[in-house]
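Below: the structure, in structure tokens.
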Amino acid sequence: MSLDEYRKKRNLRKTPEPFEAAKGERRSLPVFVVQRHDARRLHYDFRLERGGALASWAVPKGVPLEPGARALAVHVEDHPLDYATFAGEIPKGNYGAGTVEIWDSGTYELLEEKKDGGLTVRLHGKRLEGTWTLVPAHLSGDEKNWLILKKREDGTVSRGQAPHTYRPMLATLTEKLPKGEGWEFEPKWDGYRAVGSVHGGEAKLLSR
Ligand code: MN
């Protein structure tokens, strides 16, 4: 992996982004990061540690969360490994000017690597937990235009099936409160419980 293209696009005196190639300790599992990049156009940068750098894709609509869902992932230049912890402001006039936030990070397992470059990974993040596949789909004839697909938990990718539907969680009548960590309690107010979702820029609120 080479960082030449990455360095060519940036001026190290004018941006706080990291420039050095990886050094230091090795971890047992490679890392991934998803950065929310509010630049000229809002997008999410999906990065996987590969060969001492971060293989990177820009995902305009965000990493798909519904099993069977897919999204465009534009393959971009490798980034330095230190970029996995970068968050901050890229000043105006610089490449990618705007705000970078870490949306999720963690480790991943490489489950499959295809001859054409396609990758299947199991992510272990705070938000992303599960299996995704990156496919060099050459959409619109452009080799940079990959797809990222969320696999079902059994590892298969559905074709044309409706996405999973969620139902509002209902209050449960009980005599005793459950014990242990991870519980929170609140009184049941009257009103509607609803599940909100956004698909293709359209928001939906669904009650019972
Ligand atoms: Mn970006």
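The values are calculated or read from the model by the stated rules, or taken from the named source; none is laboratory data. None of these values were measured; they are calculated from a predicted model. Glycine also receives a Cβ, built like all others from the backbone with ideal geometry; neighbour counts cover every protein chain displayed.
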- Qualifying positions in region 34-67 - out of contact with any strand residue (DSSP E or B) (no Cβ under 7 Å at 6 or more places or on another chain) and more than 14 Å from the ligand (Cβ to nearest atom): 50, 51, 52
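Conditions tested, residue by residue: (1) hydroxyl-bearing (Ser, Thr, Tyr); (2) in a strand (DSSP E or B).
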site	(1), (2)
16	no, no
28	yes, no
40	no, no
48	no, yes
58	no, yes
- Query: Within the set of pairs 6+ apart or on separate chains, which have a first residue in region 17-33 that is more than 21 Å from residue 127 (Cα to Cα), a second that is at pLDDT below 90 and assigned to a loop (DSSP other than H, G, I, E, B), and C-beta atoms under 6 Å apart?
  - Reply: 19/12
- Message: Among the residues in region 96-103, are any more than 11 Å from the ligand (Cβ to nearest atom), at pLDDT 95 or above and in contact with a helix residue (DSSP H, G or I) (Cβ under 7 Å, 6 or more places away or on another chain)?
- Response: no
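Regarding region 69-89, can at least one residue be identified that is among the aromatic types (Phe, Trp, Tyr) and within 25 Å of residue 148 (Cα to Cα)?
Of all residues in region 69-89, those among the aromatic types (Phe, Trp, Tyr) come to 83, 86.
After this cut, where a residue has to be within 25 Å of residue 148 (Cα to Cα) as well, the list is 83, 86.
Within region 69-89, one or more residues are among the aromatic types (Phe, Trp, Tyr) and within 25 Å of residue 148 (Cα to Cα).
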- Task: Residue by residue through region 19-33, note down the ones that are of a type in the set (A, V, I, L, M, F, W, C) and at pLDDT below 80.
- Result: 21, 22
- In region 96-146, which residues are over 17 Å from residue 17 (Cβ atoms), in contact with a strand residue (DSSP E or B) (Cβ under 7 Å, 6 or more places away or on another chain) and not in a strand (DSSP E or B)? 118, 126, 127, 128, 136, 137, 138, 139, 144
- Query: Across region 76-95, which residue is nearest to the chain's Cα centre (by Cα) among those that are more than 12 Å from the ligand (Cβ to nearest atom) and part of a strand (DSSP E or B)?
  - Reply: 78
- Message: Among the numbered criteria (1) in contact with a helix residue (DSSP H, G or I) (Cβ under 6 Å, 6 or more places away or on another chain); (2) buried (at least 21 other Cβ atoms within 10 Å of the Cβ), which one does residue 32 miss?
- Response: (1)
- Task: Report yes if residue 75 is in contact (Cβ under 8 Å) with a residue 40 or more places away in the chain and either surrounded by 16 or more Cβ atoms within 10 Å (Cβ to Cβ) or in contact with a strand residue (DSSP E or B) (Cβ under 8 Å, 6 or more places away or on another chain) (or both), otherwise no.
- Result: yes
